[in-house]
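Working notes, structure below.
The values are calculated or read from the model by the stated rules, or taken from the named source; none is laboratory data. All figures in this text were calculated on a predicted structure; none of them were measured in a lab. Cβ coordinates were reconstructed from backbone atoms using ideal geometry, including for glycine residues, and neighbour counts include every protein chain displayed. The accessibility values were calculated without ligands, DNA or RNA, using every heavy atom of the protein model including side chains. Shrake-Rupley method; radii C 1.70, N 1.55, O 1.52, S 1.80 Å.
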Amino acid sequence: MYCSGLVVALMVFSLAVPKTDVFASEVNTQYSVDPNSPFTADLGVRLPDGFKATVYADIEGYGRHLAVRDDGTLYFALTVRLGRGSNMGIVAMRDTDNDGVADDIERFATDIPGTALEFHNDDLYYGSKTEIYRFSFNGGEMVPSTPPEVVVGGFPEQRLHEAKTFAIDDKNNIYVNVGAPSNACMEEFRTRGSPGQRPCPQTEWQSGVWKFDADGTNQDQKTNGSLYATGIRNAMAIKWNDEHKQVYFLTHGRDALFTLYPEYFSAEKSAEIPSEEMHVLKEGGDYGWPFSYFDHQQNKRILAPEYGGDGNESVAVGLYEKPIAAFPGHWAPNDMMFYTGSQFPSRYQDGAFIVFHGSWNRAPLPQRGYKVIFIPFNEDLPDSDWEVFADGFTGTDVLESPGDAVHRPTGIAQGPNGELYISSTVSGRVWRINYTGE
Amino acid sequence: MARAFLLILILAACSGCLTVIDNPQVMVDGRSLYERECLACHMSNGGGVPGMAPPLVGSPWVAGGRDALVGYVLTGGFSPQVLMSRFDFLSDQDMSVLLTYVRKTFGENGTTISTDQVARIRSEINTLN
């Protein structure tokens, strides 16, 4: 039949040609959360049919990333930012009666504000603002009884994009994201008409990924680190993929095109671009900050206005890495993970969940992006359009101001039975998500 | 330096306060200046962005001494500008209108700020630099 012939032809085509196109519009596939489905305010999250969430815990504090130990204990990082956050450190949680709600909750490292958490060889790695720590456990203890070791320190103190997120590969290398300390490396911080600095001094020890020995102790960025990739504004979401043997990350794109360059950008355009970019981490790669940004509406990399751009002029193809996927501007990708469990339907296997904290830099237009999305993979690249996996966090249809959001999703992790955990910053909430098929 | 300057500002509480532009047009102009310069981070309701930009509603800088508020906004927080830029490029007139709007909209008692006051603080900052 003509029809199925076409489908087969398309399939062959899409298998033969890896999909490198970027796709950034919100796509409502049959698998997305049904926008008309009811929403339970108390729960604070809405999922596609067949998935069920419970409020695992409500923790007082500014929540960040999550990690799960093999025994099912969940670890939740808390930080303090600009006076937000009443607690800091790591919260350890267990649900001993398996009702979806944590009933054993303990805290440690309560003097260290941090974001990133990941297990490696049963040690818990924790990224603060200036260090990566390693906690070791004696047997099945929930809270480590010995003090942590510093794996790497010596990162510059900075107040913007300060979270040291990281990924660890299968050869004991740890790749640490050191964010850019500014929006776009202007001579005068966020000042209209101020030119961009070239070279940008903020790329010397920041705005890139540095590689260290994950088993090492007391390493220093300047003496023990090697600059692995540059031009990365802030790769909050960064993960090793054990199947494809590479690190994936998403960056937070720059802000304020309209407020800084009203002659080139409208408020509407500036609310949608630049893209939030998803990349593969490549040794020696340059990802284009601060000299350029990606515009998914034009599907090209644009010269930043601080460096003479006008919103249309592109940079030479090949100068900087091209994203493997691009998402709408200002959505703030804060975490990602690949699903390797078997609890969810098979189409989720090896695809990526991405957590978007949600925008602030769209004002005066309504804020967007407060959701978790899923993007299926084909081999090592995103395969098709993405779908909304979890929304409803803001508690309102139209969000004027980020401060009105009840929850802002920020971290994600997979448990030993293939269940997911999602965390929220402002509310300190953690949800557990299971697939029930109902 | 920044601390010393802060102290001076706080001690130099406004005595013989100045005559000000206090008419409805101030609120209209002040609002459009606010929308152009401040709204992106502090939001139209002055609520800020949790963990990123503090609210102006309930802020001691907004409700407190006027000199301190002028100094804060002119210098971008008295410290190296890492989170908020400085706004010393605004004229005395624009700054007084803008901050009058900010105080009346987000502050508790909402008294006005005059151009003379902005000019005085600006020159104090310049002599300290």
Only one of (1) closer than 18 Å to A:Lys239 by Cβ; (2) part of a strand (DSSP E or B); (3) among the charged types (D, E, K, R) does not apply to A:Lys171, and that is (2)
Name every residue in the range A:379-407 that is of a type outside the set (S, T, N, Q) and either over 19 Å from the mean Cα position of the chain (by Cα) or open to solvent by 30 Å² or more (accessible area, probe 1.4 Å) (or both), in order of residue number. A:Glu379, A:Asp380, A:Asp383, A:Asp385, A:Gly395, A:Asp397, A:Val398, A:Leu399, A:Glu400, A:Gly403, A:Asp404, A:Val406
Is there any pair linking a residue in the range A:45-57 that is without any contact (Cβ under 8 Å) to a residue 40 or more places away in the chain to one that is in a strand (DSSP E or B) and of a type outside the set (Phe, Trp, Tyr), with Cβ under 8 Å and at least six apart or on different chains, and which? none
Condition first: among the polar types (S, T, N, Q) and surrounded by 14 or more Cβ atoms within 10 Å (Cβ to Cβ). Now tell me which residues in the range A:207-223 satisfy that. A:Ser207, A:Gln219, A:Gln221
Members of the range A:139-154 that are part of a loop (DSSP other than H, G, I, E, B) and more than 17 Å from A:Arg94 (Cα to Cα): A:Ser145, A:Thr146, A:Pro147, A:Pro148, A:Gly154
Kindly evaluate A:Asn121 against the criterion of being away from every other protein chain (no Cβ under 14 Å) and in contact with a Ser or Thr (Cβ under 8 Å, 6 or more places away or on another chain). no
Which residues, taken from the range A:167-206, are surrounded by fewer than 22 Cβ atoms within 10 Å (Cβ to Cβ) and of a type in the set (Phe, Trp, Tyr)? A:Phe189, A:Trp205
Can you tell me which residues in the range A:338-378 are in a strand (DSSP E or B) and either more than 25 Å from A:Phe166 (Cβ to Cβ) or open to solvent by 10 Å² or more (accessible area, probe 1.4 Å) (or both)? A:Phe338, A:Gln367, A:Lys371, A:Phe377, A:Asn378
Taking the range A:408-438 and the residues there that are within 11 Å of another protein chain (Cβ to nearest Cβ) and open to solvent by 10 Å² or more (accessible area, probe 1.4 Å), the one that is nearest to the chain's Cα centre (by Cα) would be A:Val426
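Results for (1) of a type in the set (Asp, Glu); (2) without any contact (Cβ under 8 Å) to a residue 60 or more places away in the chain; (3) surrounded by 23 or more Cβ atoms within 10 Å (Cβ to Cβ), shown as yes or no for each residue.
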{"site": "B:Leu69", "(1), (2), (3)": "no, yes, yes"}
{"site": "B:Tyr72", "(1), (2), (3)": "no, yes, no"}
{"site": "B:Met84", "(1), (2), (3)": "no, yes, no"}
{"site": "B:Phe89", "(1), (2), (3)": "no, yes, no"}
{"site": "B:Met95", "(1), (2), (3)": "no, yes, yes"}
{"site": "B:Leu98", "(1), (2), (3)": "no, no, yes"}
{"site": "B:Gly110", "(1), (2), (3)": "no, yes, no"}
{"site": "B:Ala119", "(1), (2), (3)": "no, yes, no"}
{"site": "B:Asn126", "(1), (2), (3)": "no, yes, no"}
Looking at the range B:28-37, which of its residues are open to solvent by 20 Å² or more (accessible area, probe 1.4 Å) and hydrophobic (A, V, I, L, M, F, W, C)? B:Val28
Of all residues in the range B:20-53 being more than 7 Å from every other protein chain (Cβ to nearest Cβ) and outside any helix (DSSP H, G or I), the one that is farthest from the chain's Cα centre (by Cα): B:Asn23
Would you kindly identify the strands (runs of 3 or more DSSP E) lying entirely within the range A:23-125 that contain at least 1 residues that are out of contact with any helix residue (DSSP H, G or I) (no Cβ under 8 Å at 6 or more places or on another chain) and open to solvent by 30 Å² or more (accessible area, probe 1.4 Å)? A:51-58, A:89-94, A:104-108, A:114-120
From the set of residues in the range A:130-163 that are open to solvent by less than 50 Å² (accessible area, probe 1.4 Å) and among the β-branched types (Val, Ile, Thr), which is nearest to the other protein chains (Cβ to nearest Cβ)? A:Thr130
